[in-house]
Amino acid sequence: MPKLVHKVRPCRPSTGSHRSRIHAKAGMPAAKTAGSPHLVTVGHCVYDIRDYVEKFPQPDKTVLLRMPSKVSGGGSAANVAVNACKLGVSAGLISNIGDDRHGKFILEELHSFGVDTKQVKVFPGRTGLSVVLIDKRGEVEVIEDLGVADRVRAIDEKCIANASMLHIAGGSYQMMEAASKIAHKHKIPICFDPGRSASKLGEHKLWKILRRCHYLITNRGEIEGLLGRRGAISDCRYLSKKYRLCVIFKGGRKPTMAFCPGKKEISVPIFKVKPVDTLGAGDAFAGGFVSGIMLGRTLKDCCRLANAAAASKILHAGAQSMPKMEWIRKRFGI
C-alpha cells in the first residue's frame, strides 16, 4: 500500500476516499464523520508537579526551590493533542486516567483547551503522576508514577476510523499495536513518536507498528534505544528505506532532518532561543509537525513549524504552555 514519502498530504492516497480532499477555506482534511476530531493521539495523560530548583539534587544533599511548585496536565499524547488544538487542528485523545482529583483536574484542563476526551477512560485507581525537576538552564529530570496509564483496555474503532490522522505518542505496547492496526485497516496515516521508553522495546518488538507508519519522529538517544547501536544518521536512512516511511530526526541544537525513501534529504535549521523550561519541547515539536501535515504543508514547512513550536514552548514554563499559532507566526515568521 502506498505511503506518503515525498510531499506531505493530509492523508494517504486511496481511490475514491473523500478524506484526501482539502477544505477550500481552512486547508484542512475533512473528518469522516461530522464532529469527529481530525487528529487522534494515543498514549499517556498524566498530572505534572513542577519544581524549579537551582540545581538538581545530589545524594544526601538538599536543594531549594526557586519559586513555588506548579501543577498542570502532562503526558506526551495529551500534550500533542493540546498543542494541535492551539495550532488550529481539532484533536481527540485516547488515554487512561484514574478516578481521583488529579484525573478530574486533567479532564477540566483538556476541555479548556478544546481536546475531545470521549476516549479518555476513567479507571478506579491513581492517575499517572510526574514530579518534574527543572534547573536554571531549563533542563529537566522526571520521577514518574504511571498509575492506571497503561491499564489494558479496548479502543473504539470508530474513533480512529473517523479521523484524518493518528499520532502514537508512546505508551503501552498493547495500545500502540491496537491503535496502529485500526488505523492501517482504515487507511488512516500514522505518525509514530515512541519517545525514550517505547524506543527501548527495540525494532524486534516494534516492527509491525513501524511497517504501518508513514512518519517516525525520533532523536539520537531514541534511535539508539530502538536499534541498539550508534550511528543516528545512517540509522535514519536504514529505517526510512526498510519501512518506507519518512524519518524526522530531531537534532537538538543542530538542524532537524527528514529522510524519505527515494527523495533528497531535508535539513531545517532550528530557532535558537534561551530556554526557560524544556519540559514538553518534544511534544510541541510533534504537535507542530502533525499539525503541518493536517494543514497541507510541505515536508520542509512541517519541520519549520515543528521547530518553531518547540522553540516557543521552551520559552514558557509547563508541558502544555506552548502559545497559539498567531503568537508563533509573529515570533518566528512561519
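Only the coordinates and a few stated rules stand behind these numbers; no lab work does. Bear in mind that the values here come from a model prediction, so they are computed numbers and not experimental data. Virtual Cβ from ideal backbone geometry, glycine too; neighbours counted across all protein chains shown.
Assorted remarks:
- Over segment 29-332, relative contact order from alpha-carbon pairs under 8 Å, at least 6 apart, %: 18 percent
- Among Thr256, Gly170, Ile314 the positive-end extreme of the charge dipole of the chain (Cβ point charges): Thr256
- Two-decimal Rg to Rh for segment 209-293 - Kirkwood Rh, Cα set: 0.96
- Acute angle (nearest 10 degrees) that the helix 299-314 long axis makes with the longest principal axis of the chain, alpha-carbon atoms: 10 degrees
- Sorted by Cβ density within 10 Å, fewest first, the residues Ile168, Ile190: Ile190, Ile168
- Farthest toward positive dipole pole in the chain [+1 Lys/Arg, -1 Asp/Glu at C-beta], among Leu299, Pro37, His186: Leu299
- Gained length - Lys330 relative to Thr62, 0.36 nm times residue gap less alpha-carbon distance: 92.3 nm
- Efficiency of FRET between Trp207 and Asp156 - r from beta-carbon atoms, R0 35 angstrom, step 0.05: 0.85
- Span from the segment 156-207 Cα centroid across to the segment 212-257 one, whole angstrom: 17 Å
- Stretch gain in nm, segment Lys55-Lys118, where the contour uses 0.36 nm per residue and the Cα spacing is subtracted: 18.7 nm
- With Cα atoms, 0 to 90° folded angle of helix 203-212 axis to the chain main axis: 50 degrees
- Ellipticity at 222 nm from helices only: DSSP H runs of n ≥ 4 in the chain, each -39500 (n - 2.57), divided by the residue count, give -10500 deg cm²/dmol.
- By the count of neighbouring beta-carbon atoms within 10 Å, fewest first, Leu245, Leu227 end up ordered Leu227, Leu245.
- Span from the segment 90-148 Cα centroid across to the segment 258-325 one, whole angstrom: 22 Å
- Taken over segment 29-332, the alpha-carbon convex hull comes to 132 cubic angstrom per residue.
- Selected from Ala311, Ala78, Ala178 as most flexible by GNM, with the chain as the system and alpha-carbon contacts under 10 Å: Ala178
- Between helix 173-185 and the chain: long-axis angle, C-alpha atoms, 0 to 90°, nearest 10: 20 degrees
- Under 5 Å, built H, 5+ apart or other chain: amide partners of Val120: Ser95
- Ordering Cys236, Cys246 by the number of other Cβ atoms within 10 Å of each residue's own Cβ, fewest first, gives Cys236, Cys246.
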